[in-house]
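Visitor: Here it is: the structure, laid out below.
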Amino acid sequence: MTEPADSSDRLFVTALARGLDVLAVFSAGERSLGNAELARRTGLPKATVSRLTYTLCKLGYLYQDASGKYAPAPAVLTLGFAALAGLDLRERAREPMRSLAAQTGLSVTLGVRQGARVVYVETCRAPTRVGIRLEVGSSVPLATTAIGRALYVALSLTERSELAGLLAQESPVMWPVWQQGLDQALSDFATLRYCASFGEFEPDIFAVAVPIAGSQPAMAINCSGPAYRLRAEQWQAEIVPCLQALAASLAAC
């Protein structure tokens with residue numbers, strides 16, 4: 001979902017924001033979604049979603065399959081490829097990421113924030129990877145993942161406040177738990193210079209991440225893998241220095 005806009009912001013086009021919210025909820029690997037599921041994910045009324053999906057189909061950004069559900073259409077690819085082509089850091093990161101994945105046997109991903117989620121813009125999947133699909137365009141929650149927390153610490157105070165409102169709106173019940181994890185990420189990064197998620201997003205997945213200083217848009221890079229591979233202290237001692245070195249080299253370019 002988009003970040004909440006001030007009701008006095010006369011330049012903000014709510015209808016456009018809602019249409020983009022609908023497009024944003026599709027994840028890699030999903031074939032199609034119905035209006036009811038889209039309404040649940042966006043928090044919008046089903047009647048509103050029905051009008052948005054109709055309009056997006058007319059514009060070529062969605063298509064309706066034989067079951068009556070919707071999926072992203074080729075026009076969305078035009079936007080996505082244009083965005084990826086503008087990410088110079090992604091191109092520079094690809095080979096070093098592959099080297100790190102080969103060296104550690106872990107998956108390495110580069111991500112940017114999209115609302116309350118993280119979108120992968122480059123991925124190098126290790127052969128031992130279990131659990132989560134790692135593909136360019138896939139997205140994961142921000143609050144419970146290492147890469148999301150690394151992006152969070154890179155935000156300004158204003159951006160963190162806006163994100164807090166977005167997360168609280170998404171799940172009032174879970175927000176206190178998420179807030180505790182994000183506060184801990186700030187504390188950890190201040191002293192250790194990295195963020196972690198040890199089984200909080202997926203019980204069998206451990207991950208560490210760091211933001212890339214000065215990147216525009218803000219990006220973070222992480223290593224992740226099965227929880228049985230390494231103990232938490234081994235991640236800090238063996239993986240974090242490699243990840244920090246990679247992030248520093250990318251920031252210096």
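Visitor: Just name one of Ala101, Thr14, Ala251: the one whose Cα is farthest towards the positive end of the charge dipole of the chain (beta-carbon charges, Lys/Arg +1, Asp/Glu -1).
Guide: Value computed over the given set: Thr14.
Visitor: Return a whole-number percent for the relative contact order of the range 14-80, with Cα pairs under 8 Å and 6 or more residues apart as the contact set.
Guide: Once divided by the residue count of the range 14-80, the mean separation gives 30 percent.
Visitor: Kirkwood Rh, the range 118-253, all Cα pairs: how many Å?
Guide: Taking every pair of different Cα atoms in the range 118-253, averaging 1/r and inverting gives 15.2 Å.
Visitor: Then there's this: With the Cα gyration tensor of the range 14-80 giving a ≥ b ≥ c as the square roots of its eigenvalues, does the rule (a/c under 1.5 for rounded; else a/b larger than b/c for prolate; else oblate) give rounded, prolate or oblate?
Guide: rounded
Visitor: Express the relative contact order of the chain as a whole percentage, based on alpha carbon pairs under 8 Å and six or more residues apart in sequence.
Guide: 16
Visitor: Also: State, in angstrom, two size descriptors of the chain derived from its alpha carbons: Rg to one decimal place and Dmax to the nearest whole number.
Guide: When restricted to the Cα atoms of the chain, Rg and Dmax are 18.6, 54 Å.
Visitor: Let me ask another. What number, rounded to the nearest 500 deg cm²/dmol, is the helix-based mean residue ellipticity at 222 nm of the chain, given -39500 (n - 2.57) per DSSP H run of at least four residues and division by all its residues?
Guide: Mean residue ellipticity, 222 nm, calculated: -14500 deg cm²/dmol.
Visitor: What residues have an amide H closer than 5 Å to that of Ile205, excluding those fewer than 5 places away on the same chain, when H is modeled at 1.01 Å from N in the peptide plane?
Guide: Gly199, Ala227
Visitor: Find how much the distance from Leu59 to Val13 grows on full extension, using 0.36 nm per residue of separation minus their present alpha carbon separation; answer in nm with one decimal.
Guide: Value of the extension gain: 14.8 nm.
Visitor: Here's something else I'd like to know. Would you mind giving the three semi-axes, in whole Å and largest first, of the ellipsoid equivalent to the range 151-209 according to its Cα gyration tensor?
Guide: After diagonalising the Cα gyration tensor, the semi-axes are 19, 17, 8 Å.
Visitor: How many angstrom lie between the Cα centre of the range 89-106 and the Cα centre of the range 193-253?
Guide: About 12 Å separates the Cα centre of the range 89-106 from the one of the range 193-253.
Visitor: Build a GNM of the chain with springs between Cα atoms under 10 Å: which of Ala93, Ala164, Ala47 gets the top mean-square fluctuation?
Guide: The residue with the greatest mean-square fluctuation here is Ala47.
Visitor: If you don't mind, another one. I need to check one value: relative contact order of the range 200-253, counting alpha carbon pairs closer than 8 Å and at least 6 residues apart, in percent.
Guide: Relative contact order here is 40 percent.
Visitor: If you wrap a convex hull around the Cα atoms of the range 200-253, how much volume per residue is inside, in Å³?
Guide: Cα-based convex hull of the range 200-253, divided per residue, equals 75 Å³.
FYI, it's all coordinate maths here, none of it is from the lab. Computed from a predicted model, the values in this text were never measured in an experiment. All Cβ positions, even for glycine, are placed from backbone atoms using ideal geometry, and neighbour counts span all protein chains on display.
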